[in-house]
Amino acid sequence: MKKFIYHKRNFFRNTYCVFIAVDMSTLADKTPDYVSRSGSQYFYAEEGVYRISSHWGRAATCKWRLQTDASNFRNGSKAGFAKWTHFYKDNEVEKLYFIQKSLFTQKYEYYHKDEPIYTPDYVLRTAGETRKILRQLKVITTETKWAKYIPHDDLEDLRAFLINGLITSNKTLQELKRAY
């Protein structure tokens, strides 16, 4: 099946993309090709699009994440670049997403099944199911009170078991806790 091609006239409709942070000075002398109602600025290039925005994550009908560190701020805004080939279709009903630990942030994040890093080891889920699992992973990785109800000798081993089960199987968190 041929991949749908995104460009400056359609990339902003129901898409998922991970933008890579760029230095604001890259766009200092440029005039934006488009400014959204919320103030985001877009600069079109042949190979992709630059975006300066104070809000990332959900943007209108899109899920756009910025891979960045704290050094790319200017008045709360950050700049990012994405190639046209890095935009993928998004919707709430298809199983398009999987969860993996980000090598960049060291946190669990969602990714699109069409990204090159996808392998069948990961379970694909709808956007809503993915959000639910991410909330559970945050509790597992940042809190400890949930663990007192599960017999265990090693908290890190228990965490690893639950995390692996959540991202590589369709078992619920309760099923995984009982199986431990």
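The values are calculated or read from the model by the stated rules, or taken from the named source; none is laboratory data. The shown structure was predicted, so the numbers you read here are calculated from the model rather than taken from an experiment. Here the Cβ positions follow ideal geometry from the backbone for every residue, glycine too, while neighbour counts run over all protein chains shown. Side chains are part of the model used for accessible areas, which takes the heavy atoms of the whole protein and leaves out ligands, DNA and RNA. Shrake-Rupley method; radii C 1.70, N 1.55, O 1.52, S 1.80 Å.
Run the accessible area of region 70-180 with a 1.4 Å probe and give the carbon-and-sulfur part as a rounded percent.
Roughly 52 percent of what the probe reaches on region 70-180 is carbon or sulfur.
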- Query: Of Lys63/Lys132; Lys101/Lys148; Lys8/Lys113; Lys30/Lys78; Lys113/Lys177, which sit over 18 Å apart, Cα to Cα?
  - Reply: Lys101/Lys148; Lys8/Lys113; Lys113/Lys177
- Mind checking which of Phe104, Phe12, Phe87 has the largest fluctuation in a GNM of the chain, springs on alpha carbons under 10 Å? Phe104
- Note on the structure: With a ≥ b ≥ c from the Cα gyration tensor eigenvalues, square-rooted, and the rule rounded for a/c under 1.5, otherwise prolate when a/b > b/c and oblate otherwise, the chain is prolate
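Taking the Cα centre as origin and putting +1 on Lys and Arg beta-carbons and -1 on Asp and Glu beta-carbons, what dipole magnitude results for region 1-61, to the nearest 20 debye? Don't skip to the end; give the middle numbers.
Working: 9 positive and 5 negative charges, 90 e Å.
Its charge dipole is roughly 440 debye.
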- Note on the structure: Computed over region 1-64, protein heavy atoms only, probe 1.4 angstrom, the accessible area per residue in square angstrom equals 64
- Taking a ≥ b ≥ c as the square roots of the Cα gyration tensor eigenvalues, with a/c under 1.5 meaning rounded and otherwise prolate when a/b beats b/c or oblate if not, region 116-170 comes out prolate
- Within 10 Å, count the other beta carbons around each residue, average over each peptide in 14-23, 129-138, and list them highest first. 14-23, 129-138
- Electrostatic dipole magnitude of the chain [Cβ: Lys, Arg +1; Asp, Glu -1; Cα centre; debye, to 20]: 620
- Query: Based on the mean of other beta carbon atoms within 10 Å per residue, what is the order of 78-84, 33-39, most packed first?
  - Reply: 78-84, 33-39
- Message: How much accessible area per residue does region 73-180 have, counting only protein heavy atoms and a probe of 1.4 Å, in square angstrom?
- Response: 61
